[in-house]
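The values are calculated or read from the model by the stated rules, or taken from the named source; none is laboratory data. Worth saying up front: this structure is predicted, and the values here are computed from it rather than measured. Cβ placement follows ideal geometry from the backbone for every residue including glycine, while neighbour counts extend to all protein chains displayed. For the accessible areas, the whole protein counts, side chains as well, though only heavy atoms, and no ligand, DNA or RNA atoms are used. Shrake-Rupley method; radii C 1.70, N 1.55, O 1.52, S 1.80 Å.
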Amino acid sequence: MVKNNAALAAFKKNIPLLDALSDERRQQIMITLGESDAGLTVSELTKLIGLSQPAVSHHIKQLKDLNLVSVRKVGTSNIYQLTIKDALAQVQELINILRKDKKLLR
């Protein structure tokens, strides 16, 4: 039986985020968005990464649903930007919980 309920709860809370971050294509999208100050459209991401438009749109939706990417409308275009501050804080919370458990630090 697992006794560290805080660690288990933190892991459960982070499963969707960690799952999203584990995909190489989403990692490429996040890195590419992070390198852009102004943000990028799906079309621009498609050209830069070399994935199809439907694939980029699919991954962007997943990242947006987890608040890793934000969108703003400029004319008829959607501009996507990386917004990982809250996600980093969430993962940091998990790390802090794990660091407090001396048995896990052996």
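The chain holds helices (runs of 4 or more DSSP H) entirely within its bounds, and those carrying 2 or more residues that are within 11 Å of the chain's Cα centre (by Cα) map to 5-21, 24-34, 53-65, 85-100. Go through region 8-17 and report how many residues are closer than 30 Å to S52 by Cα and surrounded by fewer than 14 Cβ atoms within 10 Å (Cβ to Cβ). The total comes to 2. Step by step: first the residues of region 96-106, then only those that are closer than 23 Å to S22 by Cβ and surrounded by 12 or more Cβ atoms within 10 Å (Cβ to Cβ), then the one that is modelled with the highest pLDDT. Which residue is that? Out of the qualifying residues, it is I97.
Taking region 67-77 on its own, how many of its residues are open to solvent by 60 Å² or more (accessible area, probe 1.4 Å) and either closer than 24 Å to E24 by Cβ or modelled with pLDDT under 90 (or both)?
Of region 67-77, the ones open to solvent by 60 Å² or more (accessible area, probe 1.4 Å) are 67, 71-76.
Those still in the list that are either closer than 24 Å to E24 by Cβ or modelled with pLDDT under 90 (or both) too: 67, 71.
Going through region 67-77 one residue at a time, the tally reaches 2.
Residue pairs whose Cβ atoms lie under 6 Å apart, sitting 6 or more positions apart in sequence or on different chains, and linking a residue in region 42-54 that is at pLDDT 95 or above to a partner that is open to solvent by 60 Å² or more (accessible area, probe 1.4 Å) and not in a helix (DSSP H, G or I), do not occur here.
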